[in-house]
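Here's the structure we're looking at; comments come further down.
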Amino acid sequence: MDVWKSAGLKLLAQETAQLEEQLQGWGEVILAGDQVLRWKKPWFPGALMAATTLVFMMIYYLDPSVLTGLSCTVMLLCLSDYLVPTLAPRIFGSNKWSSEQQQRFHEICGNLVKTQRRIIGWWKRLFSLKEEKPKMYFASVISSLVAVAWMGQQVHNLFLTYLIVSFLLLLPGLNQHGVISKYAGMAKREINKLLKQKEKKNE
C-alpha cells in the first residue's frame, strides 16, 4: 500500500513539475488572478463581478452568432497565448519571484493537476457505473439532462451562463473566507435536526 502511495505521490510531483514548466510564461498573470479570486483585498469581489457583468452586457448588446462568438473566443485565446508570456514580465516587473510566490505557484499547479485527476476519476466512475449498473446509469444521466434542459427552457441561456460563471469566479473567495463551510455546516445541522425530529415522531 505504501509503495502504491509513494508511486502516486511521485507521479503527482512529476505532473505538477511539467505543468509548472508549461505555465511558466503565465506565472505572473496566474499569481495576480489568484489574488483576485481569493479576495486578497476587500474590493476584489466587487471588481470581479463588475468586470463579469460588463462582459456579459457587451455580449447581450452585440448578440453575436454562435460561430462569431466561438471565433472571437478562440482568437482572444490565441492572442493571449502569444502576448501574455512576452508582456507579463514588463507589466508585473522583475522575473525574479520570492520564495512565497514560487511556493504559491507550485500549490496552484498542484491543485490544477489534482482537479484534472478528479475529473478523470469521475468520468471513469461514470463509465464503470454504465458497465456495472446500466439501468441506474441511464436513469441518472437522462434525469439530469432533463432537469438541465428544463432549467435552460425556464431561464434565458445568457443569464444562466452569467450566473454559473459568476458563481465559479466567486467560489475560490467564498471557500477561502470560510463562507461555504459556514453555510454547509448550518445546512448539515438543520438536516440533522429534522432527522432527529422525524426519529422522535416515529418512536
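The values are calculated or read from the model by the stated rules, or taken from the named source; none is laboratory data. The structure displayed is predicted, hence computed values, not measured ones. Don't worry about glycine lacking a Cβ; one is built from the backbone with ideal geometry, like all the others, and counts go over all protein chains shown. Areas reflect the complete protein model, heavy atoms only, side chains present, ligands, DNA and RNA absent. Shrake-Rupley method; radii C 1.70, N 1.55, O 1.52, S 1.80 Å.
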Legend entry - Sole residue being out of contact with any helix residue (DSSP H, G or I) (no Cβ under 7 Å at 6 or more places or on another chain) and within 28 Å of PHE44 (Cβ to Cβ), chosen from GLY185, GLY121, GLY110: GLY185
Inset, instruction - Go through the residues of segment 19-27 one by one and say whether even a single one is within 24 Å of TYR162 (Cβ to Cβ) and not small (Gly, Ala, Ser). - result: no
Legend entry - Residues that are open to solvent by less than 70 Å² (accessible area, probe 1.4 Å) and at pLDDT below 90, drawn from segment 56-79: PRO64, SER65, GLY69
Inset, instruction - Test ARG90 against the criterion of being under 21 Å from the mean Cα position of the chain (by Cα), surrounded by fewer than 13 Cβ atoms within 10 Å (Cβ to Cβ) and assigned to a helix (DSSP H, G or I), and give yes or no. - result: no
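Out of SER128, SER140, SER144, SER166, I need the residue that is among the polar types (S, T, N, Q), over 26 Å from ALA51 (Cβ atoms) and surrounded by 12 or more Cβ atoms within 10 Å (Cβ to Cβ). Which one?
Going through SER128, SER140, SER144, SER166 in turn, the sole match is SER140.
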